[in-house]
């Protein structure tokens, strides 16, 4: 069944209207975000959403089996990429689809490439009693499928500030917000969008009720992959003669937020 769904997606991607891709390219360049609902047929998006919800449900039941002494307040859910690879089919296979990356590359006006594992995809759920924060992501692109979201009047829409510089310490976020226009995007379940997440400050507007569930695929630029490979090679060389201490870079990990 999932193999048939992947073939349906592939055939659709091959036949996407070039004019729609070029229009989306202009939107991405201007605002840092482009709606791409036309990129996949409804039945494929529905199958992706069903797979994402199944992963969340599996993860939620696992969490409920934690010892009774654990904090009982409801937390958001972030399904580990390893769990998606192990238990999902369509999400990993679609991520590896060449036709998908070719279309995304047209919209991005540059090559959109696979991220290193395990940072390729995520399924996340945020509840209304959590406070979304403004942030940038570690990789340049995120393709996001909205699985669940509250209605506009209750919040939960996406806000973006394009063409901004990543501030890892968070000290310049407020300054960035006051010096740049903020774009707000109403979204519905089934919507699909591409965002330049490394150069677009973004957040989910706080919402009053319900939850927001998304499936995210992260992609990189050639420069990012080359930089990571060079940094890894430099670490290996510099650590050859090191004994007794672990260098700071060796204990850092990339945190993917979409």
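The values are calculated or read from the model by the stated rules, or taken from the named source; none is laboratory data. As the structure is a computational prediction, the values presented were derived from the model and not from experiment. Quick reminder, even Gly has a Cβ in these numbers, built from the backbone with ideal geometry, and neighbours come from all protein chains shown.
Step by step: first the residues of region 168-190, then only those that are touching a helix residue (DSSP H, G or I) at 6+ places or on another chain (Cβ under 6 Å) and assigned to a loop (DSSP other than H, G, I, E, B), then the one that is surrounded by the fewest Cβ atoms within 10 Å (Cβ to Cβ). Which residue is that? Among them, the one singled out is 186. The residues on offer are 9, 29, 47, 34, and the sole one that is over 19 Å from residue 88 (Cα atoms), surrounded by 15 or more Cβ atoms within 10 Å (Cβ to Cβ) and touching a helix residue (DSSP H, G or I) at 6+ places or on another chain (Cβ under 7 Å) is 34.
When region 12-26 is filtered for residues that are part of a helix (DSSP H, G or I), surrounded by 15 or more Cβ atoms within 10 Å (Cβ to Cβ) and in contact (Cβ under 8 Å) with a residue 40 or more places away in the chain, the ones remaining, listed by number, are 13, 21, 24, 25.
Just so you know, in region 222-258 the residues that are touching a strand residue (DSSP E or B) at 6+ places or on another chain (Cβ under 7 Å) and at pLDDT 85 or above include one that is surrounded by the fewest Cβ atoms within 10 Å (Cβ to Cβ), and it is 222. Could you tell me whether region 95-103 includes any residue that is at pLDDT below 95, within 16 Å of the chain's Cα centre (by Cα), surrounded by 17 or more Cβ atoms within 10 Å (Cβ to Cβ) and farther than 19 Å from residue 47 by Cβ? No, region 95-103 has no match at all. One residue alone among 123, 147 is farther than 21 Å from residue 13 by Cα, modelled with pLDDT of 95 or more and either in a loop (DSSP other than H, G, I, E, B) or in contact with a strand residue (DSSP E or B) (Cβ under 9 Å, 6 or more places away or on another chain) (or both), and that residue is 123.
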